[in-house]
Amino acid sequence: MPQHETGGAPGAPAHEVRDFLRRRSEQIAQRWADEPLFRTVFTVSREEAVEAGRAVVDALARVADSRRVEDPDAAGFSAVREQLARMGAARSRAGLSAAQVSSELAALLPPVDRLLVADLERERPERLRECSTALTVLMGTLRLVAMQTALSEIQALTDRQRLQLLEVATPVIKLWDGIVAVPLIGTLDSARSQVVMETLLNAVVDQHARFAILDITGVPTVDSLVAQHLMQTVDAVRLLGAECVVSGIRPAIAQTIVHLGLDLGTVKTRAGLADALGHCLDELGANIVAAAPGGADRR
Amino acid sequence: MDTAAGVEARLPIRSDMDLVWVRQHVRHAAAKLGFSLVDQTKLVTAASELARNTLVHGGGGQMETAQVTTGGNGGLRLTFSDSGPGIPDLDRALSDGYTSGGGLGMGLGGARRLVHDFTVETVPGSGTSVRVTSWVSRPPRLREDV
Ligand SMILES: Nc1ncnc2c1ncn2[C@@H]1O[C@H](COP(=O)(O)OP(=O)(O)OP(=O)(O)O)[C@@H](O)[C@H]1O
Ligand SMILES: [Mg+2]
């Protein structure tokens, strides 16, 4: 990208902007403290907001010093990245959209630009324009940095939630003495399958289960990877001396499996969870007496 | 066509999460075009296989979806492309049970059986593009093109 401030001339616009920022640091911070972005985030005291503003001005001056006003990765920004993220996050929590946060960031430019224009009043119009442009670019980059940081926070949050979901979404239910079941819901990718398999195998061991039912009613797509995971789980359960039954294969999925050419021949399947349970109870030799006093009579 | 709005798209395939978007998009698009539940499921499953191949074997890429019409019959066309290593022996890759990794080797051949039209363009060293089309009713007869 073309730099406006090329050459090592002592009067490079970026350096003019740097000097201006250092000179006017206090005034800029004071003006920003009245802008919504600072005012609503730093609510303990006005001094707190001014302090935060000074830190940002300081960072901007350092970036200008390195003449990398267009570079969001400029080292000068690193000192305020975390602070910008906290400010952005606070505004999002207050219900602002990303676009609104972005325009609050944009609103930081005019007061600074007005100060710059006043300061460089005596300069040639050409010179003033160059410096004003450098400042505008620099503030635009600040906005980019803030938004990037906010986005990576959101990414980190969704990653954490995904991990949590992996853990909570695989409950093992004890249906009967010796029969456990896992109702699977959602996407069965490799990470999820791993968790399901571990949870189920542990339950089989802990509960001395002879049957494990995998109910896939809530799994929207069964492709070759999902099928492979199911078969691996079935094999592992078998190694523990128990039998695995897969239930809840919906008609559309059954047809698709056939076309796909998957051979689930070694897997015992039942239409619904109730059928699967019935099968397991039969095999266990349990004797169910409907609504009899004393409930079900089991072996 | 107003249906094109929710149908035409270009989605990145760079992570497991992207595969979820691909499946969801194909399901919504197919439903919007009037595919039956079974046909939706077939197309979504084929998309899932091809998108994962793009990710795992092709090193990532994208899927483009387009609405197509022939003789009053509507269809959905999906194009998966990557700039990965390409497929050196396509016949072998299409045969059931062949895998260069630890898969079942059913993805490519299976996807072909799940759709009406299936074309692969692959250049060793520069990438692979798989284009599939399925029609809402039956595939149009005597099509010279595609
Ligand atoms: N986009 C691609 N780029 C490069 N090679 C590919 C691509 N798609 C498929 N292949 C090759 O074709 C082989 C067969 O693919 P196929 O999808 O049938 O099986 P798989 O992906 O190995 O296993 P799975 O049954 O889990 O899909 C792959 O192992 C791989 O070598
Ligand atoms: Mg595959």
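The values are calculated or read from the model by the stated rules, or taken from the named source; none is laboratory data. None of the values given here were measured: they were computed from a predicted structure. Methodologically, a virtual Cβ is constructed for each residue, glycine included, from the backbone with ideal geometry; neighbour enumeration extends over all protein chains shown. Heavy atoms of the whole protein, side chains included, go into the accessibility calculation; ligands, DNA and RNA do not. Shrake-Rupley method; radii C 1.70, N 1.55, O 1.52, S 1.80 Å.
Okay, here's what the table says:
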| read-out | value |
| --- | --- |
| Percent RCO, i.e. relative contact order, over region A:173-284, from Cα pairs under 8 Å lying at least 6 residues apart | 27 percent |
| Probe 1.4 Å, all protein chains present, accessible-area order of B:134, A:97, largest first | A:97, B:134 |
| Within the protein assembly as shown: Cβ-based charge dipole about Cα centre, in debye rounded to nearest 20 (Lys, Arg +1; Asp, Glu -1) | 500 debye |
| Degrees separating the helix A:190-206 axis from the principal Cα axis of chain A, which is the longest one | 40 degrees |
| Chain A: calculated mean residue ellipticity at 222 nm from DSSP helix runs of at least 4, using -39500 (n - 2.57) | -20000 deg cm²/dmol |
| Rounded percent of accessible protein surface that carbon and sulfur make up, region A:2-163, 1.4 Å probe | 53 percent |
| Part-to-part distance (alpha-carbon centres) for region A:85-134 and region B:18-94, which is given in Å | 45 Å |
| The protein assembly as shown, accessible area per residue, ligands and nucleic acids excluded (1.4 Å, Å²) | 50 Å² |
| Unit charges on C-beta of K, R, D, E only; dipole of region B:17-72, Debye | 120 debye |
| Summed residue charge, Cβ within 10 Å of residue A:257's Cβ, Lys/Arg positive, Asp/Glu negative | -2 |
| Farthest toward positive dipole pole in the protein assembly as shown [+1 Lys/Arg, -1 Asp/Glu at C-beta], among B:99, A:170, A:56 | A:170 |
| Amide hydrogen neighbours beyond the local backbone of residue A:272, cut-off 5 Å, H modeled | A:248 |
| Crossing angle, helix A:46-65 versus chain A [Cα axis fit, 0-90 degrees, rounded to tens] | 80 degrees |
| In Å², nearest 10: area of residue A:16 left accessible to a 1.4 Å probe | 40 Å² |
| Test item: Cα-centred dipole of region A:2-163, Lys/Arg +1 and Asp/Glu -1 on Cβ, debye | 260 debye |
| Contact order normalised by residue count of region B:7-135, Cα under 8 Å, 6+ apart, percent | 25 percent |
| Surrounding net charge for residue B:46, when Lys and Arg each add one and Asp and Glu each subtract one, Cβ distance under 13 Å | +4 |
| Hits among lysines - C-alpha to C-alpha of residue A:268 under 29 Å, sequence gap 8 or more where chains match | A:174, B:42 |
| Debye equation applied to the C-alpha atoms of region B:1-47, log10 I(q)/I(0) at 0.15, 0.31 Å⁻¹ | -0.38, -1.13 |
| Furthest towards positive pole of dipole, B:79, B:12, B:43, structure part chain B, Cβ charges | B:43 |
| For region A:2-163, with +1 on Lys and Arg beta carbons and -1 on Asp and Glu, the positive-most of A:85, A:11, A:141 along the dipole | A:85 |
| Residue-count net charge about residue A:118 - beta-carbon cut-off 13 Å; Lys, Arg +1, Asp, Glu -1 | +1 |
| Solvent-accessible area of residue A:213 with every protein chain in place, 1.4 Å probe, in Å² to the nearest 10 | 0 Å² |
| Tail fraction, Cα-Cα pairs, region A:137-236, threshold 15 Å, whole percent | 68 percent |
